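The values are calculated or read from the model by the stated rules, or taken from the named source; none is laboratory data. Keep in mind that this is a model prediction, so the values were computed, not measured. We place every Cβ from the backbone using ideal geometry, glycine too, and count neighbours over all the protein chains shown.
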Ligand SMILES: [Zn+2]
């Protein structure tokens, strides 16, 4: 009897410890699910870290950033913004540009999905939703001066066409404020991976960086991979040549808008590239 009454509290203590241990495991699992799984990494809007003690790479989830930055303005004075999400100290930095050709902007939905929901650990994620807001507003490929921004970067730049022409490359490389904004941001960030969204060929372009990164993304989103012509003055070619070992590539979305679920799938694929 005496032995029995003495053992009861010990059982309660054991049961309490088990409950605490289970709670810790569950909390950790919730935090890791948000952290590890590429799709779960796009967490529901308004969700918050499950536990402040949860960490990865020594950084607590509470310290992950979500901030915006005004990078500059377009020819017509429209703001061009970037969003930084995740861990600013992470050596893994990914840049997503949702729109550079103003009439090929379905990638905006991917940028918005990331911006709204992603809370990536072990990644410093930068998003420029719209690099060409004047073209987007006017429904034109080019910017307000009729320049194809994706022929205006300083790798093998050469004069092509005139204002408003499909591939008009501007008066000189980096003649346009929009391309200068991207150029300066990329020099500052030196992203390991940059993804530039276009339309409407429905493929991932072998753009001159790591084919395995491009192939992985293509598989995740269900697009074929092809090699398109590499034009002078293109942003991805400039990045791949300027920063060997990094990968900048073009994703050609199909025509039309991305349904919300599909945009989320693309967002998940972006996050999956961090590992
Ligand atoms: Zn394009």
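Observations on the structure shown:
- With respect to the conditions (1) within 14 Å of the ligand (Cβ to nearest atom); (2) surrounded by fewer than 22 Cβ atoms within 10 Å (Cβ to Cβ), residue 196 falls short on a single one, namely (2).
- Candidates in the stretch 250-266 are the residues that are over 20 Å from residue 115 (Cβ atoms) and outside any strand (DSSP E or B); of these, the one that is farthest from the ligand (Cβ to nearest atom) is 256.
- Residue in the stretch 206-223 that is within 16 Å of the ligand (Cβ to nearest atom), under 23 Å from residue 133 (Cα atoms), in contact (Cβ under 8 Å) with a residue 12 or more places away in the chain and in contact with a helix residue (DSSP H, G or I) (Cβ under 8 Å, 6 or more places away or on another chain) present: no
- Qualifying positions in the stretch 161-193 - within 15 Å of the ligand (Cβ to nearest atom) and either assigned to a loop (DSSP other than H, G, I, E, B) or touching a strand residue (DSSP E or B) at 6+ places or on another chain (Cβ under 6 Å) (or both): 165, 166, 167, 168, 169
- Taking (1) away from the ligand (no atom under 16 Å from the Cβ); (2) surrounded by fewer than 20 Cβ atoms within 10 Å (Cβ to Cβ) in turn, residue 247 satisfies each apart from (2).
- Members of the stretch 129-160 that are touching a helix residue (DSSP H, G or I) at 6+ places or on another chain (Cβ under 7 Å), within 15 Å of the ligand (Cβ to nearest atom) and under 30 Å from residue 86 (Cα atoms): 130, 131, 132, 149, 150, 153
- Filter result for residue 158 (modelled with pLDDT of 95 or more and farther than 16 Å from residue 181 by Cβ): yes
- Residue within the stretch 38-55 that is under 17 Å from the mean Cα position of the chain (by Cα), away from the ligand (no atom under 16 Å from the Cβ), modelled with pLDDT of 50 or more and farther than 18 Å from residue 183 by Cα present: no
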